[in-house]
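The values are calculated or read from the model by the stated rules, or taken from the named source; none is laboratory data. In this text, all values refer to a predicted model and were calculated from it rather than measured experimentally. In this analysis, Cβ positions are derived from the backbone assuming ideal geometry, glycine residues included, and neighbour counts consider all displayed protein chains. The area values use the complete protein model at the heavy-atom level, side chains included, leaving out ligands, DNA and RNA. Shrake-Rupley method; radii C 1.70, N 1.55, O 1.52, S 1.80 Å.
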Amino acid sequence: MRILVINPGSTSTKIAVYEDDKSVWMTGAHHHVSELAAFHHISDQYEYRKNFVLQRLADAGIELRFDAVIGRGGLLHPLAGGVYAVNEKMKHDLMHAEREHACNLGALIAAEIAVECGCPAYIADPVVVDEMCPEARYTGFPGIDRKSIFHALNQKAVARRYATSVGRKYEDMRLLVAHIGGGISVGAHVYGKVVDVNNALDGDGPFSPERAGTVPSGQLVDVCFSGQYTKKQVKQMISGKGGLAALLGETDMITIDRKAEDGEQPYKEVIDSMMYTIAKQIGSMYVAMDGKVDAIILTGGIAHSDYCMGILRKRIDYLAPIEVIPGENEMGSLAYNALGVLRGELPLLEYE
């Protein structure tokens, strides 16, 4: 099976061709800020991004001959996890999404290229996957409910891969998955559904390289009404410029990891604290799963760090067997989902 994968990011577009589960070609580029600045809205970038994909394929001499094209899922309304065929309703919702992000273009570009190829277009497990149980949604503040926005693509993919590696089905297992990267999300996967997870986009849960995590509500209210910051600035302090960016003034985990391992302060104390907050979130989800967990999976970019994983393991290794699957591998995860549908191993869902 020949699969084209398209992954638009905020300032980049990644493209890959897979034959079955093997990557045979991959490319991408960071788009210059001046080029993107010419577009007032993300939706205005559609032709620019699509032409970029087509030009890269043409330059590489790759024919538009695929069994499926899959794009990164966008900020749609909350939906169950899985692989979805791109339909007119989805395209309409992405063009008129409440939140703007380049990922909204993934399905749109995939759909147009798929028409030229005469093949289906898919998305899989966008960040808005919502399978939370009712108890997980409540807060003590009427009008504010907890939302499910997390690294669904990577969490679901590594959970399925782990289940396959132990000869079981994802839908038959109870797995606790922690995605540890620029943002951190910890999900309780119970028989194929993520019944509880922290909202990694809006600052819920552990602090991370770019996000502040859960902070005391009263103090946050004081900051909001101090007159020192605009709403936009506070939002950035929560997500984008919080966490390690605020505490250490940098987010390069290779440098931070090395300094922390050498015992340099404040790096060591801050990293130890970040791992502590992740362990607490894992403990919280462990309780949410009634202590019945087949395995804890640690994934994401920071899972490459032996130092960080060593600290985290010491705090949680008595809970359940631990499996470390480093990296985010969005391209491989998308291809994996498309291949699963083409082989009849995963159901194809309809977006409504």
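Observations, loosely collected:
- Residue in segment 22-40 that is in a helix (DSSP H, G or I), of a type outside the set (Asp, Glu) and under 20 Å from Cys117 (Cα atoms) present: no
- Verdict on Gly187 being touching a residue at least 24 places away in the same chain (Cβ under 8 Å), under 26 Å from Ser217 (Cβ atoms), touching a helix residue (DSSP H, G or I) at 6+ places or on another chain (Cβ under 8 Å) and surrounded by fewer than 23 Cβ atoms within 10 Å (Cβ to Cβ): no
- Gln55 fulfils the conditions (1) open to solvent by 10 Å² or more (accessible area, probe 1.4 Å); (2) under 24 Å from His151 (Cβ atoms) except for a single criterion, (2).
- The lone criterion from (1) within 16 Å of Ala102 (Cβ to Cβ); (2) surrounded by fewer than 16 Cβ atoms within 10 Å (Cβ to Cβ) left unmet by Trp25 is number (1).
- Close pairs (8 angstrom Cβ cut-off, 6 or more residues apart or separate chains): touching a residue at least 40 places away in the same chain (Cβ under 8 Å) in segment 163-178, open to solvent by 70 Å² or more (accessible area, probe 1.4 Å) and not hydrophobic (A, V, I, L, M, F, W, C) anywhere: Met173/Tyr191; Arg174/Tyr191; Arg174/Lys292
- The combined condition, being within 12 Å of the chain's Cα centre (by Cα) and surrounded by fewer than 24 Cβ atoms within 10 Å (Cβ to Cβ), is not fulfilled by Ile180.
- Boolean, Glu250 is assigned to a helix (DSSP H, G or I), more than 21 Å from Ser185 (Cβ to Cβ) and either among the acidic types (Asp, Glu) or in contact with an Asp or Glu (Cβ under 7 Å, 6 or more places away or on another chain) (or both): no
- Segment 58-77, subset more than 12 Å from Ala114 (Cα to Cα) and more than 25 Å from the chain's Cα centre (by Cα), residue surrounded by the fewest Cβ atoms within 10 Å (Cβ to Cβ): Gly61
Every residue, every condition in (1) within 23 Å of Glu19 (Cα to Cα); (2) among the acidic types (Asp, Glu), yes or no:
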| residue | (1), (2) |
| --- | --- |
| Arg56 | yes, no |
| Leu75 | no, no |
| Leu79 | no, no |
| Ala85 | yes, no |
| Arg99 | no, no |
| Gly106 | yes, no |
| Gly118 | yes, no |
| Asp125 | yes, yes |
| Glu131 | no, yes |
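- Residues within segment 145-156 that are assigned to a loop (DSSP other than H, G, I, E, B) and either over 23 Å from the mean Cα position of the chain (by Cα) or surrounded by 13 or more Cβ atoms within 10 Å (Cβ to Cβ) (or both), tallied: 6
- Selection within segment 1-21: residues that are in a strand (DSSP E or B) and open to solvent by 80 Å² or more (accessible area, probe 1.4 Å). The member of this set that is farthest from Gly71 (Cα to Cα) is Glu19.
- Candidate set: segment 200-222, residues that are assigned to a helix (DSSP H, G or I) and loosely packed, with under 14 Cβ neighbours inside 10 Å; chosen: the one farthest from the chain's Cα centre (by Cα): Asp222
Yes/no matrix, rows are residues, columns are (1) closer than 26 Å to Ile62 by Cα; (2) in a helix (DSSP H, G or I):
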{"site": "Gly81", "(1), (2)": "no, no"}
{"site": "Met90", "(1), (2)": "no, yes"}
{"site": "Asp93", "(1), (2)": "no, yes"}
{"site": "Glu98", "(1), (2)": "no, no"}
{"site": "Leu105", "(1), (2)": "yes, yes"}
{"site": "Ile109", "(1), (2)": "yes, yes"}
{"site": "Ile113", "(1), (2)": "yes, yes"}
{"site": "Glu116", "(1), (2)": "yes, yes"}
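- A single entry from Glu116, Glu100, Glu135, Glu88 fulfils the requirement of being open to solvent by 70 Å² or more (accessible area, probe 1.4 Å) and closer than 17 Å to Leu348 by Cβ: Glu88.
Residue by residue, here is whether (1) in contact with a Lys or Arg (Cβ under 9 Å, 6 or more places away or on another chain); (2) within 29 Å of Asp172 (Cβ to Cβ) holds:
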residue: Gly203; (1), (2): yes, no
residue: Gln219; (1), (2): no, no
residue: Asp222; (1), (2): no, no
residue: Val234; (1), (2): no, no
residue: Gly243; (1), (2): yes, no
residue: Gly249; (1), (2): no, no
residue: Tyr267; (1), (2): yes, no
residue: Leu298; (1), (2): yes, yes
residue: His304; (1), (2): no, no
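- The residues listed here are Pro326, Pro266, Pro347; of these, the one that is at pLDDT 95 or above and closer than 20 Å to Val177 by Cα is Pro326.
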